[in-house]
Amino acid sequence: MPCTGCGACSAACRVGAIRMIESDGFVVPHIEDDRCVDCGACTRVCYKYLDTALLPQVADAACYATYSRDKHSHATTTSGGFGYELARWGIERGYKVVGTAYDYASHRARAIVVDSIEELERLKGSKYLQSHTEDALREFVDRATKSTDERFICFGTPCQIFGLRRLAEHRHLNNEIIYVDLFCHGVPSYLVWDPYIASKRSKLGDIGEVNFRYKGNGWHHYSIRIAGERGTYSNYAYNDTFYRYFFDNVVLNRSCYTCTLRKGRSAADIRIGDFLGSAYEHREDGITAAVGITARGVAMVEELEASNHIYIVDKHPVGECLKSQSIHDYDHIELRNEVIRRLHRGDDIATTQRWYTSTFPLKQRIYLVLKSIASLLPNRVIAVLRRRVRSLR
């Protein structure tokens with residue numbers, strides 16, 4: 001089973017024998033053999049060596065459609081703002097929050113630990129990149145070990161939360177910890193992101209904003225927005241090079257293609273993501289699906305409503321939400337390997353994209369062209385087309 005790059009092994013190692021590095025654009029562990037003492041701590045927190053079949057299934061959980069009561073938070077978050085409101089609720093009550101920020105110096109996603117509302121702003125919005133977690137996990141362990149009074153709310157992809165929870169159990173941490181994972185599509189290689197963002201920097205100057213889920217074009221229309229000192233770039237997903245690589249599933253981490261956690265098992269208390277589909281077709285401001293996997297998770301959703309942080313629009317069978325999530329195995333693993341090989345040797349991302357698209361079946365190529373053309377239509381027309389397509393399924 002391929003490594004997810006969650007970083008738990010590095011934080012579990014007491015002798016500093018494991019460093020997280022990048023290889024082929026993915027975060028992976030590097031073991032320094034001269035330091036390793038064969039204690040086995042790394043395997044006791046690793047997704048590759050542990051049975052995930054005993055974890056709760058997301059399909060059996062309670063699903064709430066929610067959004068923030070604060071209009072600014074609702075407008076500036078990826079979907080309905082549930083994650084931000086949970087984090088804000090925690091900060092107000094003394095919790096530390098572990099989440100992912102975009103590092104504009106290195107153009108990497110990095111996990112950080114925050115304890116103020118001001119710092120919390122850095123965690124807003126999705127980052128469709130694999131995050132470097134090593135430093136944050138070590139800080140988490142250090143803080144929790146020093147004081148059992150420290151409380152945490154931890155956000156991450158399903159594999160990261162799995163590793164973090166196993167890390168806490170391995171270190172026998174008795175702190176109060178609320179675990180939140182995300183409906184996940186997978187993480188793309190930095191071999192695509194690096195040349196992509198470099199091309200944007202050459203046109204826009206120093207980048208001050210990367211918004212992977214810009215809602216200015218409507219919540220249902222996946223868009224990216226990048227702002228620099230000399231201008232702004234914004235585009236729909238099917239007309240954007242990076243997004244196309246991402247959604248075409250040709251540069252994801254190997255572990256993402258058959259990931260048990262992405263497909264429906266979870267080590268979290270709550271799983272959150274967009275509540276897409278017919279139920280909220282008319283909403284362009286965003287609705288968060290908050291799935292209470294554990295009793296604590298359900299209680300937290302209800303607490304956020306009781307404390308006036310969120311609205312609960314309705315409670316749904318979780319299957320309504322899962323219809324629009326990435327819960328199946330992906331094809332193209334061999335194509336993915338060839339794309340990564342070409343990018344690794346330095347092939348141009350646009351040229352490589354034209355090559356791999358040419359290998360798709362004709363029906364898929366036509367579908368991509370139609371999606372690209374449709375994205376240029378007015379929002380109201382796209383909404384009508386989307387409803388008609390769904391009615392035919």
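How much net charge surrounds Lys96 when only other residues with a Cβ under 15 Å from its Cβ are counted (Lys, Arg +1; Asp, Glu -1)? My count for the surroundings of Lys96 gives -3.
In order along the stretch 47-52, the phi-based Karplus estimate (6.51 cos²θ - 1.76 cosθ + 1.60, θ = phi - 60°) of 3J(HN,Hα) comes to 3, 5, 10, 10, 7, 8 Hz; Gly and Pro are listed as x. Label separation (Val369 vs Asp103): 4.3 nm, computed from points 7 Å beyond Cα along the C-beta direction. Per-residue ellipticity at 222 nm computed for the chain from its helices equals -10500 deg cm²/dmol, with DSSP H segments shorter than 4 residues left out and the rest contributing -39,500 (n - 2.57).
When Tyr311, Tyr222 are compared by accessible area at a 1.4 angstrom probe, the order from most to least is Tyr311, Tyr222.
Computing Rg and the Kirkwood Rh from the Cα coordinates of the stretch 100-165 gives a ratio, Rg/Rh, of 0.95. Between the amide H of Arg108 and those of Asp103, distances stay under 5 Å, these residues lying 5 or more places away or on another chain, with hydrogens modeled in the peptide plane. Between Glu305 and Asn239, the contour length at 0.36 nm per residue exceeds the Cα-Cα span by 19.9 nm. For the stretch 147-217, relative contact order (Cα pairs under 8 Å, six or more residues apart, normalised by length) works out to 33 percent. Going down the list Lys215/Lys371; Lys48/Lys263; Lys48/Lys96, which pairs span over 22 Å between their C-alpha atoms? Listed pairs above 22 Å: Lys48/Lys96. Taken one residue at a time, the phi angles of the stretch 26-34 give Karplus couplings (6.51, -1.76, 1.60, θ = phi - 60°) of 10, 7, 9, x, 10, 9, 8, 4, 5 Hz. Gly and Pro are set to x.
Residues in the stretch 186-199 carry Karplus couplings, in order, of x, 10, x, 6, 5, 5, 8, 5, 4, x, 5, 6, 5, 5 Hz; the curve used is 6.51 cos²θ - 1.76 cosθ + 1.60 with θ = phi - 60°, and Gly or Pro positions show x. When Ser199, Ser266 are compared by accessible area of protein heavy atoms, the largest-first order is Ser199, Ser266, using a 1.4 Å probe.
Note on Glu139 and His282: the extension gain reaches 47.2 nm, defined as 0.36 nm multiplied by sequence separation minus the Cα-Cα distance. Once backbone amide H atoms are built at 1.01 Å from N, Arg265 has Val58 as its partners under 5 Å, excluding neighbours fewer than 5 places away on the same chain. Highest mean packing comes first when the peptides 178-187, 224-233 are listed by Cβ atoms within 10 Å, giving 178-187, 224-233. Under 5 Å between amide hydrogens, built in the peptide plane, is the criterion, and for Ala62 it picks out Gly292 among residues at least 5 positions away or on other chains. Summarising the label geometry, the points placed 7 Å from Cα in the beta-carbon direction at Ala198 and Glu32 lie 2.9 nm from one another. With the biggest extent put first, the Cα atoms of the stretch 1-131 measure 54, 41, 32 Å across the principal axes. Answer with a single label: of (i) 56, 52, 44; (ii) 60, 54, 47; (iii) 64, 56, 35, which was calculated as Cα extents along the principal axes in Å from the structure in view? The listed entry that was calculated here is (i). Solvent-accessible area assigned to carbon and sulfur over the chain amounts to 50 percent, based on a 1.4 Å probe.
Summarising the label geometry, the points placed 7 Å from Cα in the beta-carbon direction at Ile21 and Glu338 lie 2.9 nm from one another.
The values are calculated or read from the model by the stated rules, or taken from the named source; none is laboratory data. Keep in mind that what you see is a predicted model, and the values were worked out from it rather than measured. Ideal geometry is used to build each Cβ from the backbone, glycine not excepted, and the neighbour counts take in all protein chains shown. When the accessible area is computed, the model is the full protein with side chains, heavy atoms only, and any ligands, DNA or RNA have been set aside. Shrake-Rupley method; radii C 1.70, N 1.55, O 1.52, S 1.80 Å.
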